[in-house]
Amino acid sequence: MHRERLALLVDGDNIAWQHAAVVLDIARRLGDIGIPRVYVDRAHMGQWLEVPGLRLVHAGQGRNASDMALVVDAMGFALDGAVSHVVIASNDRDYSYLAYTLRERGLRVTSIGGVTASPRWRRACSGFVELSPV
């Protein structure tokens, strides 16, 4: 049986590192995680550095640095056909345009986020999985 290849992209500035194991488990149930990444501002890495199973992307410092890195990578994966499904762990509705664009290119987009995730972000994705509070 063929499992869908996916990219798991975690907004580490927006999702607490304590959710890492649950986020990885959810993504594994959705498909084969070919690209597992967490994007963080170097000043706020916290415990993300210790999480096994995710490649840490040091996005530099500054407002939206990790958001920009995540978006650039997601579009790169879409353009080169590396994956057919993108899983974004975030509560940030600013990714809504990214989700719509990826879906227009034929990719599935699933979001993993908390109860505070906006309705706009939830609707932008093919599916949404809600995390329990830490």
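The values are calculated or read from the model by the stated rules, or taken from the named source; none is laboratory data. No experiment lies behind these values; they were computed from the predicted model shown. No Cβ is skipped: glycine too gets one built from the backbone with ideal geometry, and neighbour counts run over all protein chains shown. Accessible surface areas use protein heavy atoms only, side chains included; no ligands, DNA or RNA. Shrake-Rupley method; radii C 1.70, N 1.55, O 1.52, S 1.80 Å.
So, in region 74-93, how many residues would count as being of a type in the set (D, E, K, R) and open to solvent by 40 Å² or more (accessible area, probe 1.4 Å)?
Summing the residues that are of a type in the set (D, E, K, R) and open to solvent by 40 Å² or more (accessible area, probe 1.4 Å) in region 74-93 gives 2.
Quick check on region 111-123. Is at least one of its residues open to solvent by 30 Å² or more (accessible area, probe 1.4 Å), modelled with pLDDT under 95 and either aliphatic (A, V, I, L, M) or not in a helix (DSSP H, G or I) (or both)?
The answer is yes, given that some residue of region 111-123 is open to solvent by 30 Å² or more (accessible area, probe 1.4 Å), modelled with pLDDT under 95 and either aliphatic (A, V, I, L, M) or not in a helix (DSSP H, G or I) (or both).
Restricting attention to region 25-50, which residues are charged (D, E, K, R) and either modelled with pLDDT of 95 or more or open to solvent by 70 Å² or more (accessible area, probe 1.4 Å) (or both)?
If the condition is that a residue be charged (D, E, K, R) and either modelled with pLDDT of 95 or more or open to solvent by 70 Å² or more (accessible area, probe 1.4 Å) (or both), then D25, R28, R29, D32, R37, R42, E50 are the ones that fit.
If a residue must be farther than 21 Å from D94 by Cα and out of contact with any strand residue (DSSP E or B) (no Cβ under 9 Å at 6 or more places or on another chain), how many such residues does region 30-66 contain?
The number of residues fulfilling the criteria is 4.
Based on what the data block shows, is A82 assigned to a helix (DSSP H, G or I) and either on the phi > 0 side of the Ramachandran plot or touching a strand residue (DSSP E or B) at 6+ places or on another chain (Cβ under 9 Å) (or both)?
Considered against the rule, which asks whether it is assigned to a helix (DSSP H, G or I) and either on the phi > 0 side of the Ramachandran plot or touching a strand residue (DSSP E or B) at 6+ places or on another chain (Cβ under 9 Å) (or both), A82 comes out as no.
Checking G53 against (1) outside any loop (DSSP other than H, G, I, E, B); (2) surrounded by fewer than 19 Cβ atoms within 10 Å (Cβ to Cβ); (3) in contact with a Leu (Cβ under 9 Å, 6 or more places away or on another chain), which test does it fail?
(1)
Regarding D67, is this residue modelled with pLDDT under 95, part of a helix (DSSP H, G or I) and among the acidic types (D, E)?
Yes.
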